[in-house]
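Heads up, the thing below is written out as structure tokens.
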Amino acid sequence: MKLGCCYYPEHWPEEWWADDAARMAAMGLSLVRIGEFAWSRIEPEPGQYDWDWLDRAIETLHAAGLKVILGTPTATPPKWLVDQMPDMVAIDEQGRPRGFGSRRHYCFSHEGYRAECRRIVTALAERYGQHPGIVMWQTDNEYGCHDTVLSFSGAAAAAFRDWLAVRYGAPQALNEAWGNVFWSMEYRSFDEVDPPHLTVTEANPAHWLDYRRFASDQVASFNREQVDIIRAHSPGRDITHNFMGFFTEFDHHDVGRDIDVATWDSYPLGFLEQFWFSDAEKAAYFRQGHPDIAAFHHDLYRGCSNGRWGVMEQQPGPVNWARFNPAPLPGMVALWTLEACAHGAEFTSYFRWRQAPFAQEQMHAGLLRPDSSEADAADEARAAAAVLQGIGPQVAVIAPVALVFSYEAAWVIGIQPQGRSFRYLELVFEAYSALRAKGLDVDIVSPDADLSAYRMVIVPTLPIVPEGFAEKLAALDRPVLLGPRSGSKTASFCIPEGLAPGPFRDLTGVTVTRVESLRDGIAEPAEGFAVTRWREDVASDLAPELSDSAGRGVVYAHENIRYCAIWPDRALLARLVEWMAGEAGVELLDLPEGIRVRRSASHVFTFNYAAAPAHVPHLGETLAPASWHIAPR
């Protein structure tokens, strides 16, 4: 695995560039990402390009033996462009423009802005597409960051109507699919359809779902336009986009089909702080990050582009954007780096080389401080580079467990949670964490994936069942778990004929007759676990495999397929994992709290995320906090 960093030559005096490049190489870095925010320096006036500085920057890095990842600058259109076409900015759900003064101030549907993006990307690709120092391109930067996938602009409304016309053909077909007879919502033409915002109460959930599908398609087509240009002018170079953590606003599998390498931006401490984790977990993993946050995304994005993936931005110290921003425990930056390697990353790039002394990210640490002295992470980058050199190339292998992840499922649950604590990402993450806590490696895959090579398959929930997916599960002869709300909606967001689990009824032998959500703090008892958040009443000829203390069925097994009719707490998930692993003949490990294992084709990696030393039975030794053990398989 190669190491790199994100660098902004336009931020620093030119006389620093050569020294920076030499120091990067000496630190063990070989990749440098540049350019993704530099539009105003590349084109300071409309149609007037200033290439000289970028030419010299690329040459300086290349001369030091560094390979360049060049970003397209479309995430930060310059002020003159916004002034030329003020309607290019996105409009938020409350009808307010997302104005100039930070970044991502554009609407994916604005045809004028898209044309400008094609122009600037073409100019970049023509100039640098054959440069020997350019080994990869990054399209834009963090699609959707700062809630910018959904736009409610006039351009988005017009594009949505065109999208609906293609999908439904006639307004009456749309009215039927959405159930618009309800509340007299029927349309006479597609021109009458607006985006689903600013309604008196909630908009039709089918309207919302199609708007999310449309918005996701806009992101994918926006990206595809840039990819096509780069491929034409820079053949033989990989193309990537840097995705984000715990982000489901567009379908990353769709974008992943058009790129060569999926990358993501890894900030374990910020994600721990910003998401659903309990106060106890936030305290226990305050300076390390939850032991499954980084790994979850490594496995998710490995499944987004045919197994090729990397980390484009690795947190090297305190960040600036979370509610609280602690420094990593000594050793954690190196641990995060080596864990990416264990999961098969092609590279890990630290964000950023030097901490900026100005603007919005001046409190975000880098490998260097603003005065160019080394920050704590610099030595950890060196340490990681030495370990990587010692163990040699690592190859990911197919894991024993497939965890099925659907972006559409996230949209469905988000549109109609029915209980505010039913969070798709949390449910999937808890299933993933239960597997990892037992020492299992996991591949996170889309519903389109071939599941035949896996020994266990877990579908945390899949409200809308893609065509052919039920048949794919039926063909498997290994343990399968379907979680609550699976098969509960049709493609047009209706309750299926014959009730849930819809296409899964024959597979599971159950029918869901009623659902209820339980408020926070309610825990109805069962033997060894509790019923919280969500439960379903089930009619079945099967005797339940597990019931609650009142005798209501919780888990049903039909041959090799289980259906879980509640939100599974950690105790229930652990039990189900043990049962399925036993049936599949998959070995489990007895791992202490905070210890995680990952296997490559050649090595077994063990990591200690705990804040205290932990004795690891399978190693027969104790690991210090923020440390690791690597051994041949």
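The values are calculated or read from the model by the stated rules, or taken from the named source; none is laboratory data. It should be emphasised that the depicted structure is a prediction, and the values quoted were computed from it without experimental measurement. Every residue, glycine as well, gets a Cβ built from its backbone with ideal geometry; the counts of neighbours run over all protein chains shown.
General remarks:
- Odd one out for PHE405, checked against (1) within 23 Å of the chain's Cα centre (by Cα); (2) within 27 Å of MET1 (Cβ to Cβ); (3) in the same structural domain as ASP20 (by TED's automatic domain parsing): (3)
- Residue selected from the stretch 377-403 under the condition among the small types (Gly, Ala, Ser) and under 21 Å from ARG308 (Cβ atoms), by the criterion modelled with the lowest pLDDT: ALA396
- The lone exception for ALA115 - which of (1) under 30 Å from ARG161 (Cα atoms); (2) assigned to a loop (DSSP other than H, G, I, E, B) it fails: (2)
- Listed by first and then second residue, the pairs linking a residue in the stretch 218-240 that is over 20 Å from HIS131 (Cβ atoms) to a residue that is part of a helix (DSSP H, G or I) and of a type in the set (Lys, Arg), with Cβ atoms under 7 Å apart and 6 or more places separating them unless they lie on different chains, are PHE222/ARG114; GLU225/ARG114; GLU225/ARG118.
- Scanning the stretch 568-595 for residues that are in contact with a strand residue (DSSP E or B) (Cβ under 6 Å, 6 or more places away or on another chain) and of a type in the set (Phe, Trp, Tyr) returns no hits.
- Flag for ARG505 being surrounded by fewer than 22 Cβ atoms within 10 Å (Cβ to Cβ), of a type outside the set (Ser, Thr, Tyr) and outside any strand (DSSP E or B): yes
- Test for VAL82: is it closer than 21 Å to ILE34 by Cα, at pLDDT 95 or above and either assigned by TED's automatic domain parsing to the domain that holds GLU14 or β-branched (Val, Ile, Thr) (or both): no
- Per-region count, the stretch 20-51, residues surrounded by fewer than 22 Cβ atoms within 10 Å (Cβ to Cβ), in contact with a helix residue (DSSP H, G or I) (Cβ under 6 Å, 6 or more places away or on another chain) and more than 23 Å from GLN84 (Cα to Cα): 2
- Scanning the stretch 371-402 for residues that are in contact (Cβ under 8 Å) with a residue 12 or more places away in the chain, small (Gly, Ala, Ser) and either in a loop (DSSP other than H, G, I, E, B) or more than 18 Å from HIS629 (Cβ to Cβ) (or both) yields SER372, ALA375, ALA377, ALA378, ALA381, ALA385, GLY392, ALA396, ALA399, ALA402.
- Single residue of GLY289, GLY317, GLY307 found to be in a loop (DSSP other than H, G, I, E, B) and either touching a Lys or Arg at 6+ places or on another chain (Cβ under 6 Å) or modelled with pLDDT under 95 (or both): GLY307
- Only a single criterion out of (1) surrounded by fewer than 15 Cβ atoms within 10 Å (Cβ to Cβ); (2) closer than 21 Å to GLN315 by Cα; (3) among the charged types (D, E, K, R) is not satisfied by ARG56, namely (2).
- Residue in the stretch 223-232 that is modelled with pLDDT of 95 or more, assigned by TED's automatic domain parsing to the domain that holds SER266 and farther than 27 Å from GLU111 by Cα present: no
- Matching residues in the stretch 578-598 - criterion: being within 30 Å of ALA283 (Cβ to Cβ) and among the aliphatic types (A, V, I, L, M): LEU588, LEU589, LEU591, ILE595, VAL597
- The set of residues in the stretch 599-613 being of a type in the set (Gly, Ala, Ser), closer than 21 Å to LYS282 by Cα and surrounded by fewer than 19 Cβ atoms within 10 Å (Cβ to Cβ) consists of ALA611, ALA612.
- Count - residues of the stretch 235-272 that are in contact with an Asp or Glu (Cβ under 7 Å, 6 or more places away or on another chain), among the hydrophobic types (A, V, I, L, M, F, W, C) and assigned to a loop (DSSP other than H, G, I, E, B): 1
- The residues on offer are PRO484, PRO479, PRO501, and the sole one that is touching a Cys at 6+ places or on another chain (Cβ under 7 Å), within 23 Å of PRO466 (Cα to Cα) and not aliphatic (A, V, I, L, M) is PRO484.
- Residues that are closer than 18 Å to MET185 by Cβ and not hydrophobic (A, V, I, L, M, F, W, C) were ranked within the stretch 127-174; the one that is surrounded by the fewest Cβ atoms within 10 Å (Cβ to Cβ) is GLN172.
- The number of residues in the stretch 56-80 being over 25 Å from GLY310 (Cα atoms) and either hydroxyl-bearing (Ser, Thr, Tyr) or in contact (Cβ under 8 Å) with a residue 40 or more places away in the chain (or both) comes to 1.
- Among the candidates ALA543, ALA500, the residue that is modelled with pLDDT of 95 or more and buried (at least 16 other Cβ atoms within 10 Å of the Cβ) is uniquely ALA500.
- Restricting the stretch 1-19 to residues that are buried (at least 21 other Cβ atoms within 10 Å of the Cβ) and within 19 Å of PRO357 (Cα to Cα) leaves a set whose member that is farthest from the chain's Cα centre (by Cα) is PRO9.
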